[in-house]
Amino acid sequence: MKVLVLDCNTWVSRGLERTLRVLGHEVRCPASASAARATLEADPAVDVILSAQHLDAGERGTEFLRWAEAHVPGARRVLISGTHCPPDFVEQPGTQCFQAKPFGRGELEALLALSPTHLHRRTSPAREPAEGNTE
């Protein structure tokens, strides 16, 4: 499976990349939302896009995934966040869902193993961000 990981936190991005490669997936990890757009415009062949909510230059994952929906409509889209599912994020069974951070290898494997027709919300109940927590 081809996976694009967009998380401006290099620790998270590298950790996801390592885990996905160990699981046998082809992984691309652009360093920014603009680099991710350029990557997908040059080669839109991707099965799953994992995007953090908090990106560079104040951009949000919800904005990036709206762009991805229009430009790479065949890719499943997963918004990942350590705070809560934003109110402007619309889950679309089979194509777009939210995954709460932190999540482990088992949760990642299960998320990727789901066929598009079985993709659904895989999160704990939404929670408001803790005071002072930006992620």
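None of the figures in this text is laboratory data; all of them are computed from the coordinates on show. Note that the coordinates shown come from a computational prediction; the quantities given were computed from them, not determined experimentally. Reconstructed Cβ throughout: ideal geometry from the backbone, glycine too, with neighbour counts over all protein chains shown.
Taking 0.36 nm per residue of separation and subtracting the Cα-Cα distance, full extension of the segment from Glu91 to Met1 would add 30.2 nm.
As a rough guide to protection, the peptides 62-69, 8-15 ranked by mean Cβ packing within 10 Å, highest first, stand as 62-69, 8-15. In a fully extended conformation the segment linking Arg66 and Arg105 would gain 11.4 nm over its present Cα-Cα distance, using 0.36 nm per residue.
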